[in-house]
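Working notes, structure below.
Values in this text are rule-based calculations from the coordinates and carry no lab data. Note that the structure is predicted; figures quoted are calculated from it, not measured. Please note: Cβ atoms are built from the backbone with ideal geometry, for glycine as well, and neighbour counts cover all protein chains shown.
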């Protein structure tokens, strides 16, 4: 069996420089400028960063190492249908910009969950902030695990060593540099990410003989599938799951290399998520430093997401838990300097929690599906909670808390309950593998007492034997959670007001979607005008009566 290719000194030099630059940025912003005298500067850079820097930060925070590794394996194993999700972004982005963001912008708050306290009360805020804190922590653990797969595939290092190196680096520069260091580092890491993706696609395109050849091979292998309009909610991906529920050319490029000799089938890799780094070492190791650049891109993708998450987690913990608890116990406010120190400490400690969760994440089968499932299970109820507050005037605290809590429990249950059927990937082949590779596979199967036929064509379990809710596509979990929150929230709110358990409060128009706020202001102006008119009429009547008596 051929010896596995690993990174060489030039590749390690590139990766080391990447880590050094990221850490250097954190150190610079720790000691530059006003030296972070307040938590406001540490968590939000005093709102001094420009829109371009903020936009790049949001983009690379979303495009984590899960995107680079997971999307490649997704299109390789299941085809291109996931690309339909981009239509969802076209639909949802204007809604976010013109409905939700104006409300949050008026708050000018460090934590968006301050909105829930103003709209529904402290219990709704604490519930939502805790749920998001847990979601981001779990997601960060999965994100941290993704670069470890790349390191394991390309360096021979253990996953634990890789997890520790990424996690400690990220915890260090995020905790000392604050959000400004995170933003500037994200710009640097964005360049590396896109350079690595372009490098993979360029090399694969050249090797395959052009983009046309890549798509032709993918089409022959059944990977081009954009017309699945099925309404069956148990199908993994359809048009409706992608548009209602939520491309990676790189995955198709990798498929064009291995469509006749699948690396996972012949046991050269353990997981499909290792395809991208395996391809890099297999196809680019002849070019000094290039594999290191690609791995550095994956490494940077993980750093950018985790650093933003650590900053957010620390901010949520400080603003929603530490400060209110301190004020309640001491009847005082935390000083700016103390808040700053606590924020840095919380960011660093959260980094260690992410490392622990990354160790657990290695037991998940598919990092992309796992991360999206986490977001869906929590994101659906949360979106429902904010929508309930911003869209419906009758919604109150009882309805908001009960609706989101029940929805969250139901979403987590159908997301992670078991036993559940395993998604079946598209067919792969080993007919183009070398005799040496085939011999290695035969020996492995012989040791495991499995025939080649049994290994290549395992029996497909009957899905009807599984609970129907466990068969529903993970892409429907978010909409289901959203719907449950809205329905239970509205019913509970109206019933509680009908029976007098909770009276309607004074409505603040700034807490609603702009078109709802406009209607509320107009109604309030009309009500105030009528009240003033009645008061004026009553006074005139009194004056006329007094004149008559005279």
Relative exposure of 285, 196, 404, judged by other C-beta atoms within 10 Å (fewest first): 285, 196, 404
Rounded if a/c under 1.5, otherwise prolate or oblate - the stretch 303-397, Cα gyration tensor axes: oblate
Shape category assigned to the stretch 66-163 from the gyration tensor of Cα positions, a/c cut at 1.5: oblate
Extended-chain gain in nm, criterion 0.36 nm per residue less alpha-carbon gap, residue 338 and residue 413: 23.0 nm
Set of the stretch 82-96 residues, backbone N closer than 11 Å to the point 7 Å along the Cα-Cβ line of residue 231: none
Three-way shape label, the stretch 237-387, alpha-carbon gyration tensor, a/c 1.5: prolate
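Could you calculate the contour length gain from residue 507 to residue 394, that is, 0.36 nm times the residue separation minus the distance between their Cα atoms, to one decimal place in nm?
The span from residue 507 to residue 394 would gain 39.7 nm if fully extended.
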By average C-beta atoms within 10 angstrom, highest first, the peptides 385-394, 447-456: 385-394, 447-456
Neighbour-count order for 159, 523, fewest beta carbons within 10 angstrom listed first: 523, 159
Where labels lie 7 Å past Cα in the beta-carbon direction, separation of residue 91 and residue 445 in nm: 4.4
Residue order, fewest to most surrounding Cβ atoms within 10 angstrom, among 273, 320, 462: 462, 320, 273
The stretch 282-384: relative contact order as a whole-number percent, Cα under 8 Å and 6+ apart: 22
The stretch 430-456-the stretch 122-154 distance, computed between alpha-carbon centres (Å): 38
At R0 = 35 Å, FRET efficiency that the Cβ-Cβ distance of residue 352 and residue 422 yields, to 0.05: 0.60
Extension gain from residue 123 to residue 168, taking 0.36 nm per residue of separation minus the Cα-Cα distance: 12.8 nm
Cβ-derived FRET efficiency at R0 35 Å, residue 329 paired with residue 158, nearest 0.05: 0.20
